[in-house]
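The values are calculated or read from the model by the stated rules, or taken from the named source; none is laboratory data. Quick caveat, the model's predicted, so the values are computed rather than measured. We place every Cβ from the backbone using ideal geometry, glycine too, and count neighbours over all the protein chains shown.
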Protein chains: 2
Amino acid sequence: MDRNEFRSAAHAAIDDILGYFDSVPDRRVLPALEPGYLRPLIPENPPTEPETWEQIQEDVDTKIKPGLTHWQSPNFMAYYPASVTYPSILGEMYSAAFTAPAFNWLCSPACTEMETIVMDWVAKALGLPACFLSTSENLGGGVIQNSASDAIATMMVAARERRVRELVLAEGLEEGTTEYEERKMDCQPRLVAIASDQTHSSAAKGALIAGTRFRSVSTRLEENMEMTGPRLREVLEKCDKDGLVPYHLTMTFGTTNTCSVDRFAEIKAVLQEKPAWQRIWVHIDAAYAGASLVADEWQYIAKEFAEGVDSFNMNMHKWLLVNFDASVLFIRNRLDLTNALDITPTYLRNPYSDMGTVIDYRNWSISLGRRFRALKIWFVMRSYGLNGMKAHIRKTIGLGNIFADLIRGRADLFEIATKPGFCLTVFRVKNPQAQNSDSGAVCAKDEVADGITKKVYELINSRGEIFITSTVVDGVYVIRVVSANPMAEEKYVRNAFDIIVRTTEEVLQQK
Amino acid sequence: MDRNEFRSAAHAAIDDILGYFDSVPDRRVLPALEPGYLRPLIPENPPTEPETWEQIQEDVDTKIKPGLTHWQSPNFMAYYPASVTYPSILGEMYSAAFTAPAFNWLCSPACTEMETIVMDWVAKALGLPACFLSTSENLGGGVIQNSASDAIATMMVAARERRVRELVLAEGLEEGTTEYEERKMDCQPRLVAIASDQTHSSAAKGALIAGTRFRSVSTRLEENMEMTGPRLREVLEKCDKDGLVPYHLTMTFGTTNTCSVDRFAEIKAVLQEKPAWQRIWVHIDAAYAGASLVADEWQYIAKEFAEGVDSFNMNMHKWLLVNFDASVLFIRNRLDLTNALDITPTYLRNPYSDMGTVIDYRNWSISLGRRFRALKIWFVMRSYGLNGMKAHIRKTIGLGNIFADLIRGRADLFEIATKPGFCLTVFRVKNPQAQNSDSGAVCAKDEVADGITKKVYELINSRGEIFITSTVVDGVYVIRVVSANPMAEEKYVRNAFDIIVRTTEEVLQQK
């Protein structure tokens, strides 16, 4: 493909992409096909001779598009959203063109420096405490990670190394010695990472990757599925009793199941109760709901992170208009990261790194190389401006509130399970035979309600007009509806509600 | 930015990208600027109101491009290349447009299925043994990872879990019990990962991430910096003596410093000597040189991986025409991975995953979500065809051979340190006062030669006409020259040689 062929191919691709976005609202959200649909459509072996762009684009149209789950559809109300916007696509184009592994400053100074600057922009846009800025005296800073899972696994490793180092150095041993390695290995097996049972599975996976234990704090519907101080204390005390050393705690701002917000102030107070607990690395996982912080009215939440929090991550690629991957991670003291991950061989050295005058992001992540992802964030923040980003958050939260009100308006059919918010409503279908529960009480366990709710959920997804997810919280089967993507509109929210009501009535009549 | 604004912005970006590529050969490879150049050029805060694409693109031109290290330049001869090609950029455009975290099949069937199919294409193109195909009876398969570092860290974790599970199950304990967790934690501290001292630093970093020990096998110039069977045996025996349990071995096909190839057959024979050594997970890191396998004349090397190798990775984003990130990882038994990494909560379940009829790539990597990277690989393989890919490899290897011959032709000035190959020549400037070493003997340690070589290297890079790297092998300071990117041409190789000769003569005259 020469330059002229590329120009016309790219123009054709742009038109095709525009056409795709135009068609998205009318497409079935979930493709109606069986696993293995694609293999018979693709040759068994790669071609020997070059093929033309026309052939390739034709196949994208006829073989790929029909197999996509359309996350941009306004009828996509499952999981959490995965945004893409036009300026973000432009960022990806430039990122590809400027390809550089950029594992250190010298490998592409613009790539490193723009990341530092843009991370400071993001921290300011989210109203994060100044301790997370790269310019802070405490040596804070931000880094773009592939995903929240990578961010959390990285924090676990950094926390493990920090805790073990403290323990071994306190015994008077010197790093680099055999005795040090032995004691380090003696200490590690006692370490335990803690999170609530509503924390994203990446916390348990991160603990596994780091080779440490994991304990979870239980949550209750009566407490809105939030991690509370007293329940955390129980787990910490049990660890103490078992001779385990808690080293990492994940607190969540917007859990995966219900978007609940852990009780930060209460939890931080518990961590102050014992010196060993004060040494626990505290991470805030705000992967989804963190996006709301761009709107001033939510920034009071971020004030909680000024003290007692070591790191914070959120995914711009969920609700903040940048396409995957754009997981932003902020850390209070970057030395905690680089002390853990820096393994510098000769071929990665360069004068500026040696002098410590530059940031080498290879020591901030599991990956060595990195893409120039700061560009797409920069492009989106400039194209929208802070006001555009705030407007997006406010509009979609408003749509979520409309949906929650619609559900509340049919109290004969539905019961809200947890406090709706941040575009998410979690509810179930009532058991028509159950006695009226007191208004305000939590959903009681009810197998009949579980069965009806599951049936409604499955029927809706099998028909593919909208796509929603279900989950189980505190033993109760519930449906989640979230509408927070850039194409979301009131008419789609109302349509989703109508489908849910219609399907519920259908299921109830069958009984 | 609306659809029409996007169309014209994208057209402008395409022209700008084409203009950038046109200008690359004439740009100084390394930007001439000091750390911190960018911050004064960018506003301290994100804009409140939206900005236009014209403003943004203007800033890319005036603020970003001058700060790039131009990896696509034919004068970039440092590290290893990081390719980008037109069809790969088209792949990124579609990947962004079709954004989906795609952590399981349902989240975008096309994304998952195309990855499986394309990984089989890649395995066939590289002539890998059939055991690495997704269709193999042994349940092999490939997955795209962010980088070789991620691939290797993931393999370490899978290997650690497999080894510990074997040890604990052999004692009759049952998974999920308290006793099992205790014994697992008892076993882990004895585990040790092994690699040669020429292995990429990601092996040591992977062992660190996995929380295990790391030991390296020394290499010698007399042995062309290859890991040998006898030297590995020494390390294994020392581990046995120290009560450590080797669980993971990285063998390298194309080391970072000198592109040496470890002695696979010899090493595998050593691993057969003891039952415990047979249980070691053997990983092949072919991050750079693995690309050569598309050319038939190198595929004999891959035959070594048919037995006794658990996993293999190479980075298409180095020498194989796909832009970062496209690190392909193949595994002999995917259950080794999913047994280690699968933590399935309710909200990630779906009927097809539960039945085991689909691949859920979230259990194949540290990241949960993933981009649709199979598209760019598919586009590149189709645009080039196998013949186009082979031609690229053969052309660039030929250029490397020309360069090595040029260096050999000035035996008065230069001495080749390790066997040149795969586009890389590793050499040093001779100490003019040293006695003529016997032809064929290895570079002797020589501080004067080190000093001159370093001076030549630094002078060349400071002038920025070409960009090369240096390293130290077996105590000898050497220069590495590699020219393997898509824009490489003979005239640039000859020009680089002329610059090196000229600079060497200049440095020698100053003495």
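Whether any residue in the range A:40-54 is closer than 30 Å to B:A12 by Cβ, of a type in the set (D, E, K, R), in a helix (DSSP H, G or I) and not assigned by TED's automatic domain parsing to the domain that holds A:G464 is what I want to check. Reasoning before the result, please.
To start, the set of residues in the range A:40-54 that are closer than 30 Å to B:A12 by Cβ comprises A:50-54.
This time we only want the ones that are of a type in the set (D, E, K, R), so: A:51, A:54.
Adding the requirement that they be in a helix (DSSP H, G or I) leaves A:54.
Pick out the ones that are also not assigned by TED's automatic domain parsing to the domain that holds A:G464 and you get A:54.
Yes, the range A:40-54 contains a residue that is closer than 30 Å to B:A12 by Cβ, of a type in the set (D, E, K, R), in a helix (DSSP H, G or I) and not assigned by TED's automatic domain parsing to the domain that holds A:G464.
Do we have any residue at all in the range A:202-219 that's more than 14 Å from chain B (Cβ to nearest Cβ) and closer than 20 Å to A:D150 by Cα? It would help to see each step written out before you state the result.
Pass one, the range A:202-219, residues more than 14 Å from chain B (Cβ to nearest Cβ): A:217-218.
Among the residues that remain, those that are also closer than 20 Å to A:D150 by Cα are: none.
No, the conditions are met nowhere in the range A:202-219.
Given the options B:F253, B:F264, name the one that is crowded, with 24+ Cβ neighbours inside 10 Å and not assigned by TED's automatic domain parsing to the domain that holds B:R480. Show your work before the answer.
On the way: B:F264 fails: crowded, with 24+ Cβ neighbours inside 10 Å.
After applying the criteria, what remains is B:F253.
Could you say whether any residue in the range A:67-75 is among the aliphatic types (A, V, I, L, M) and modelled with pLDDT of 95 or more? Show your work before the answer.
First, pick out the residues of the range A:67-75 that are among the aliphatic types (A, V, I, L, M): A:68.
Add one more test, that the residue is modelled with pLDDT of 95 or more, and what stays is A:68.
The answer is yes; a qualifying residue exists.
What is the one condition in (1) touching a residue at least 40 places away in the same chain (Cβ under 8 Å); (2) among the charged types (D, E, K, R); (3) facing chain B (nearest Cβ under 7 Å); (4) surrounded by fewer than 24 Cβ atoms within 10 Å (Cβ to Cβ) that A:K124 does not satisfy?
A:K124 satisfies every listed condition except (1).
What residue, of B:C107, B:C187, B:C131, is within 12 Å of chain A (Cβ to nearest Cβ), at negative phi and touching a residue at least 24 places away in the same chain (Cβ under 8 Å)?
Numbers: B:C107 fails: touching a residue at least 24 places away in the same chain (Cβ under 8 Å); B:C131 fails: within 12 Å of chain A (Cβ to nearest Cβ).
Selected residue: B:C187, the only one of B:C107, B:C187, B:C131 that is within 12 Å of chain A (Cβ to nearest Cβ), at negative phi and touching a residue at least 24 places away in the same chain (Cβ under 8 Å).
Here is a check on your reading of the model: is B:V442 assigned to a loop (DSSP other than H, G, I, E, B), surrounded by 15 or more Cβ atoms within 10 Å (Cβ to Cβ), over 23 Å from the mean Cα position of the chain (by Cα) and not small (G, A, S)? It would help to see each step written out before you state the result.
Working: assigned to a loop (DSSP other than H, G, I, E, B): yes; surrounded by 15 or more Cβ atoms within 10 Å (Cβ to Cβ): yes; over 23 Å from the mean Cα position of the chain (by Cα): yes; not small (G, A, S): yes.
So B:V442 passes the test.
Select from the range B:38-93 the residues that are touching a residue at least 40 places away in the same chain (Cβ under 8 Å), of a type in the set (A, V, I, L, M) and more than 7 Å from chain A (Cβ to nearest Cβ) and write down the one among them that is surrounded by the most Cβ atoms within 10 Å (Cβ to Cβ).
Filtering first and then ranking leaves B:M77.
Would you tally the residues in the range B:445-476 being among the acidic types (D, E), in a loop (DSSP other than H, G, I, E, B) and either buried (at least 21 other Cβ atoms within 10 Å of the Cβ) or free of Cβ contacts under 8 Å to residues at least 60 places away in the same chain (or both)?
Result for the range B:445-476: 2.
Considering every residue within the range B:82-89, establish whether at least one is under 33 Å from the mean Cα position of the chain (by Cα), part of a loop (DSSP other than H, G, I, E, B) and not small (G, A, S).
Kept after step one, since they are under 33 Å from the mean Cα position of the chain (by Cα), are these residues of the range B:82-89: B:82-89.
Applying the additional criterion that residues be part of a loop (DSSP other than H, G, I, E, B) yields B:82-85.
Filter again for not small (G, A, S), leaving B:84-85.
Yes - at least one qualifying residue is present in the range B:82-89.
Let me spell it out: the conditions are (1) at pLDDT below 95; (2) crowded, with 23+ Cβ neighbours inside 10 Å; (3) not hydroxyl-bearing (S, T, Y), and A:R480 meets all of them except one. Which number is the exception?
(1)
May I ask you to list pairs of residues, at least six apart or on different chains, whose Cβ atoms are under 8 Å apart, with the first in the range B:312-329 being in the same structural domain as B:S147 (by TED's automatic domain parsing) and the second being modelled with pLDDT under 95 and assigned to a strand (DSSP E or B)?
If the second residue must be modelled with pLDDT under 95 and assigned to a strand (DSSP E or B), no pairs are left.
Evaluate the range A:2-25: report whether one residue or more is in contact with a strand residue (DSSP E or B) (Cβ under 6 Å, 6 or more places away or on another chain), surrounded by 17 or more Cβ atoms within 10 Å (Cβ to Cβ) and either modelled with pLDDT under 95 or not in a loop (DSSP other than H, G, I, E, B) (or both). Write out each step before concluding.
So in the range A:2-25, the residues in contact with a strand residue (DSSP E or B) (Cβ under 6 Å, 6 or more places away or on another chain) come out as none.
No, every residue in the range A:2-25 fails to be in contact with a strand residue (DSSP E or B) (Cβ under 6 Å, 6 or more places away or on another chain), surrounded by 17 or more Cβ atoms within 10 Å (Cβ to Cβ) and either modelled with pLDDT under 95 or not in a loop (DSSP other than H, G, I, E, B) (or both).
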